[in-house]
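Heads up: the structure comes next, in C-alpha cells.
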Amino acid sequence: MEDTFRKRERGYEAKFKLDEEMRFKAASRRNKLLALWIAKRLGMTSGETETYIREVVYADLDEPGIDDVVRKVVKDCKERKVPIAELELRAEIERLDAVALKQIGGEYPGPLGPDH
C-alpha cells in the first residue's frame, strides 16, 4: 500500500515540476515575443533586436510578476521617444501569454525528461 502512495506522490511531484518548467518556458517565450514587438516599434536593427531580446528576458528575472519587464520596456520607449501606453503594453503581454503557451505546448507535448 505504501508503494502506491509513494508512486502517487512521485507522480504529483513530476507533474508539478513539468508545470513549473512549462510556465518558465512560456514566460521566457512571451518575453521574447514582446521584445520582438517592441524592437520593431523602436526601429531596431537585427543585431540590436537580438541583444534586446536577451535584455527583456533577463529583466523578468529581477522580481516575480511582469512589472519589471513593463518598467524596462516603458523606460526604453521613453529613451527612444516612442510613446507607448502602459495599458497597451499590458494588453499585448496578455495576448502574448496565450501565444507563448500555445507555442510551448506544441513544442513540449509530453514529459521533458526521465524524471517525469
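Placing +1 at every Lys and Arg Cβ and -1 at every Asp and Glu Cβ, with all other atoms neutral, what dipole size does segment 2-107 have around its Cα centre, in debye to the nearest 20?
Once rounded to the nearest 20, the dipole reads 320 debye.
Please work out which option in (1) 58; (2) 50; (3) 42 gives percent of Cα pairs over 18 Å apart calculated from these coordinates, and answer with its label.
The value computed from this structure is option (1).
What order do you get for 51, 4 when you list them from fewest to most C-beta neighbours inside 10 Å?
The order, fewest Cβ neighbours first, is 4, 51.
Enumerate by residue number the trypsin sites (Lys or Arg not before Pro) in segment 13-106 meeting two conditions: DSSP loop (anything except H, G, I, E, B), and at most 15 other Cβ atoms within 10 Å of the site's Cβ.
In loop regions of segment 13-106 (DSSP not H, G, I, E or B), the sparsely surrounded trypsin sites (Lys or Arg not before Pro) are 80, 81.
Since every read-out is calculated from the coordinates, none of them should be taken as a lab result. Worth saying up front: this structure is predicted, and the values here are computed from it rather than measured. Glycine also receives a Cβ, built like all others from the backbone with ideal geometry; neighbour counts cover every protein chain displayed.
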